[in-house]
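One structure below.
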Amino acid sequence: MRIDVVSIFPEYLAPLRLSLLGRAQEDGLLELAVHDLRDFTFDRHRTVDDTPYGGGAGMVMKAEPWALALEHVLASQAATAEQPGSMGEAGQAAPTEEAAHDAGPASARRPVLIVPSPAGAVFTQAMAYELSEEPTLAFACGRYEGIDERVLDWAAQRFDVRPVSLGDYVLNGGEVAVMAMVEAVGRLLPGVVGNPESLVEESHADGLLEYPVYTKPSLWRGHGVPEVLLSGNHGKVASWRLEQQLRRTAARRPELLDGADAAPYGKAERAVLRELGYEVADGRIRRAAPRA
Ligand code: SAM
C-alpha cells in the first residue's frame, strides 16, 4: 500500500516511521510519503490560510495550495503504480493522473482521499479493514477552521473523498487523527503484525470488546489470575473469554450489543446476555425493556 499525507507540519508524522509501521516500510509492505503543503505556495510567506468569507473567528485553508498538492499526490501515486513489481501489477493500480482527471463522479475506482474532520463519519475498525484493501490512500490534514469547501468538491472529481472523524471532539489539526488512522490501517496489511491471529482476537474484530488478559506471575501483590486460565482446558478458557467479552461490552459499550446478530451465541452465552439485561428476538440481541 502507498500512503500520502499532506500537512503543514510534516514533522508531526515522524512517529509513523517507528515500530511496526517503520519496519513495514523497511520491508516494502508500506510506502509512506509526507508532503509539506507550503511547498505548493509561491509567495514569500508561503501562505496557506486566509480570512473566512462571511466573517467569523479563525482562518480558512486556501484552495489553490491544496489543489496543487493533491495533483502532486495523484501523479506520485500513478508513478508508483507504474513501477515494475508495484501494487499496480497486482491489478489494483491507482489511476494515472490523466485518468483521474477524466474520471467523472460515476467513475468506478478513484483513489481514496481521507479528509480528517470532526464533521466526518466516525472512524471504526470496520472502516480500517475496508481501507486496508485499497492500493493507495491519501490524507489531507486540515488546520485552523478547516479547508475551503471547494477543495472537497474539486477533489471529488479525482478522488473518492471521505471526511472522517476520529471521535466527537475537536483537535487542533488533522495530523493526530491521521496517525491513528494510518496505524489502525497499516497494522492490518499482510505481514505487518507478526502473528495474524492477534488481529482476530481483538476488540471490535467481532463486534465485542476484548476479554481481560494476564501474564506471569500468577499472584501479584495479592491479586490472582482467574483459575480457569491456569487450567490448561482450552474449551473452558474459550468459553470464559467469550463470557468476559459479553460482560465487558455490556458494561462499557452497551450500544455495541444492542441490535447485534445473536447467531454466534449458544445457550450459555444467551443465559449471560439475559443476566446482563438483554433478550434475543428475531435473531437479534436487544436490550430488554425495564420491568414495570
Ligand atoms: N472548525 C472545524 C469544525 O468545527 O468542524 C474544526 C477545525 S479543527 C480546529 C482543525 C482541523 O483539525 C480540522 O480541519 C481537521 O483536520 C482536524 N480535526 C479536528 N478534530 C478532528 C476530529 N475529531 N477528527 C479528525 N480530524 C479532526
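The values are calculated or read from the model by the stated rules, or taken from the named source; none is laboratory data. Computed from a predicted structure; not experimentally measured. Methodologically, a virtual Cβ is constructed for each residue, glycine included, from the backbone with ideal geometry; neighbour enumeration extends over all protein chains shown. Note: areas computed on protein heavy atoms with side chains; ligands, DNA, RNA excluded. Shrake-Rupley method; radii C 1.70, N 1.55, O 1.52, S 1.80 Å.
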Worksheet item: With every protein chain left in place, what is the accessible area of Trp240 in Å² (1.4 Å probe, nearest 10)?
Response: 40
Worksheet, complete the sentence: Correct semi-axes for the chain, from √(5λ) of the alpha-carbon gyration tensor and rounded to whole Å with the largest first, are 43, 23, 20
Response to the item:
Between Thr51 and Leu18, the two model label points (7 Å from Cα along the beta-carbon direction) sit apart by a distance in nm of 4.2
Fill in: Probe 1.4 Å, protein heavy atoms only - accessible area per residue of the chain in square angstrom
56
Discussion item. Need the full-extension length gain, Leu199 to Arg221, defined as separation in residues times 0.36 nm minus the C-alpha distance. One decimal, nm.
Written reply: 4.8 nm
Discussion item. What is the percent carbon and sulfur in the accessible area of the chain, measuring with a 1.4 Å probe over the protein chains and ignoring ligands?
Written reply: 52
Worksheet item: Over the chain, what is the relative contact order in whole percent, taking alpha-carbon pairs under 8 Å and six or more residues apart?
Response: 16
Worksheet, complete the sentence: For segment 139-201, the Kirkwood Rh over every pair of distinct alpha carbons, in Å, works out to 14.0
Discussion item. If amide hydrogens are placed 1.01 Å from N in the peptide plane, which non-local residues have theirs closer than 5 Å to the one on Phe139?
Written reply: Asp4, Val5, Val6, Ile114
Practice prompt. Kindly sort Lys267, Lys236, Lys62 by accessible area of their heavy atoms, largest first, with the probe set to 1.4 Å.
Written response: Lys267, Lys236, Lys62
Practice prompt. With +1 on each Lys and Arg Cβ and -1 on each Asp and Glu Cβ, and nothing else charged, work out how big the dipole of the chain is about its Cα centre, in Debye to the nearest 20.
Written response: 1480
Practice prompt. Rank these by accessible area, largest first, 1.4 Å probe: Asp4, Asp49, Asp27, Asp258.
Written response: Asp27, Asp258, Asp49, Asp4
Discussion item. How much length would be gained if the chain were fully extended between Tyr214 and Asp258, taking 0.36 nm per residue of separation minus their Cα-Cα distance, in nm to one decimal?
Written reply: 13.0 nm
Worksheet item: Taking R0 as 45 Å, what's the FRET efficiency between Ser231 and Gln157 from their Cβ-Cβ distance, rounded to 0.05?
Response: 0.15
Item to complete: Mind checking the full-extension length gain between Glu275 and Asp43? Use 0.36 nm per residue of separation minus the Cα-Cα distance, one decimal, nm.
Response: 76.9 nm
Response to the item:
Per-residue accessible area, 1.4 Å probe, largest first, puts His234, His204, His35, His45 in the order His234, His45, His204, His35
Worksheet entry | Probe 1.4 Å - accessible area at Glu275, Å² to nearest ten | 120
Worksheet entry | Considering only the chain, percent of DSSP beta bridges that pair antiparallel, nearest 5 | 30
